[in-house]
Amino acid sequence: MGRVVITGTGTVNALANDVAGTFAAFCAGTCGIGPLDIRDADRLSIQIGAQVRGWDCEARFDRAQLSLFDRVTQFAVVAAQQAMEQSGLDLTLPETARAGVILGNAGGGMTTTDDNFRTVYEEGKNRVHPFVVPRLMNSAAASHISMIHGLRGPTFTVSTACASANHAMGLAFQLVKSGAAPFVLTGGAEAMLTFGGIKAWEGLRVMARDACRPFSRDRSGMVQGEGAAVFVFEDRDHALARGGTILAEVTGFAMTADASDIVMPSIDGAVRAIRGALDDAGLAGPEVGYINAHGTGTAANDRTECAAIRQVFGAHSGKLLVSSTKSMHGHVIGGTGAIELLACLMALQDGVIAPTVGHQEDDPECDLDVVPNVARRAQVEVAVSNAFAFGGLNAVLVLRRAD
Amino acid sequence: MSSIADTIIAIIAENAMLDPAEVTADMTFQDLGIDSLGLVEAIFAIEEAFNISIPFNANEPGKSDFDLSSVGAVIAAVEGLIRQQAA
């Protein structure tokens, strides 16, 4: 079995349209959540979101691309481009035949769906644009990235609600580790800040109206975000042989199902996923310094996640730094784990822990060091990223500092 | 009993998979075996039935001004909302 390293990163999210800007926002504790600027927002009871603002799609893409790229594909394509550039990979190499793209996404091209449902239902038109299907399919972004970079191996999209990106990156890790692919572009993307996308979440009554305050006693729910993050997961020997820069190593992954409830999380499923990922990495709990929590800011998730962390790490729990960056970039649903992996990378590379902003009051049911409001310096050797999706689908990744 | 109460009891009974005759005003949602998801569903059905908006966030049920402590409390609260939101 090989070793898997990260050699490229890219992102578009509410905090910044690149990794350097996102790291700077993490360090500053910037909150990207604000008033929603979308069509028909006046008919929504939820008025806030972590929106990518000032998105200059006309400057970034030509007419042919714009007619085929939903907003979610645009985010993913830009993030993938940044990751490829940073990696310095030579795309003329014959092994691009075995290299692929594995992305997480939950909603597909929701702007396309929303706009065209309006066309046929609201406006009563009987004709839609010919590219509605290739724009809205969940796998469109993965396909476009494979075409742009000529990656001809395993390419697909994973859809497991809020754990999609972690499942995608976990599968990419396993493929590269097994030797089936020399490198994979992996991560996730979501653009669900549409009228229909937000209206659907409103129905569940788990959304906050003012701010996302994970682990804070006065938390009142989640806030949706949008964006993408894409990484190059590469075989370590392959990276070393070509002189690539190793940003961090991916050392463990595990996935479990609660098999209990379609929305309520279970402690057991989370515990088995975290423990499984540590076992896969061959690690003992005390080696972990930072956990990027799923931390949605709902009553149910935060309480369950903290209990699971306590159960896995026991006495070491008190020494862990645990933060939820959803407080800054919002819950990016199927892409969220990818954006959150950036916080793990920042911890390992720069020794800075992204904070949980919006924290107002400690909650005895979330009795961990949640790095409230202000980023913190800490030497971290191992970071863990949690994702616990609706439907009880859990996926946890373990990263180690590059040696 | 008012027709408002009958409608609400019918909605709650359907959610709890009980006969409406088995649902009484003093029962709590817990007594009826309705979990948090069932509660959100019942609230939606009541909103639709009376065309009202019920203030409720599943993350902070205690903070809601809407009294959910029993079936009778819900009936009284809905009657209040209908008066208020019609005004």
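The values are calculated or read from the model by the stated rules, or taken from the named source; none is laboratory data. Small disclaimer: the values here were computed from a predicted structure and weren't measured. With ideal geometry, Cβ positions are generated from the backbone for all residues, glycine too; neighbour counts draw on all protein chains shown. Heads up: the accessible areas ignore ligands, DNA and RNA and are worked out on the full protein's heavy atoms, side chains in. Shrake-Rupley method; radii C 1.70, N 1.55, O 1.52, S 1.80 Å.
A compact table of results
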quantity	calculated
Selection within region A:211-263 - in contact with an Asp or Glu (Cβ under 9 Å, 6 or more places away or on another chain), small (Gly, Ala, Ser) and assigned to a strand (DSSP E or B)	A:225, A:227, A:228, A:229, A:252, A:254
Hits in region A:262-289 - residues which are open to solvent by 50 Å² or more (accessible area, probe 1.4 Å) and within 14 Å of chain B (Cβ to nearest Cβ)	A:262, A:264
Cβ-Cβ under 7 Å pairs, at least 6 apart or on other chains, region B:35-57 side more than 9 Å from chain A (Cβ to nearest Cβ), far side open to solvent by 60 Å² or more (accessible area, probe 1.4 Å)	B:47/B:53; B:52/B:85; B:55/B:65
Those helices (runs of 4 or more DSSP H) lying entirely in region A:48-149 with at least 2 residues surrounded by fewer than 19 Cβ atoms within 10 Å (Cβ to Cβ) and under 21 Å from the mean Cα position of the chain (by Cα)	A:71-87
Those residues of region A:1-35 which are part of a strand (DSSP E or B) and either hydrophobic (A, V, I, L, M, F, W, C) or under 23 Å from residue A:99 (Cα atoms) (or both), in sequence order	A:4, A:5, A:6, A:7, A:8, A:9, A:10, A:11, A:12
Selected residue [of a type in the set (Asp, Glu) and either surrounded by 18 or more Cβ atoms within 10 Å (Cβ to Cβ) or outside the structural domain of residue A:266 (by TED's automatic domain parsing) (or both)] from A:305, A:365	A:305
One residue from B:73, B:25, B:13 being touching a Pro at 6+ places or on another chain (Cβ under 6 Å) and more than 14 Å from chain A (Cβ to nearest Cβ)	B:13
Cβ pairs under 9 Å, 6+ apart, first in region A:191-206 and more than 13 Å from chain B (Cβ to nearest Cβ), second open to solvent by 20 Å² or more (accessible area, probe 1.4 Å) and aromatic (Phe, Trp, Tyr)	A:192/A:201; A:196/A:117
From B:18, B:68, B:32, residue being open to solvent by less than 40 Å² (accessible area, probe 1.4 Å), in a loop (DSSP other than H, G, I, E, B) and farther than 24 Å from residue A:46 by Cα	B:32
Selection count where residues are in contact (Cβ under 8 Å) with a residue 24 or more places away in the chain and either more than 14 Å from every other protein chain (Cβ to nearest Cβ) or more than 25 Å from residue B:59 (Cα to Cα) (or both), scope region A:299-318	13
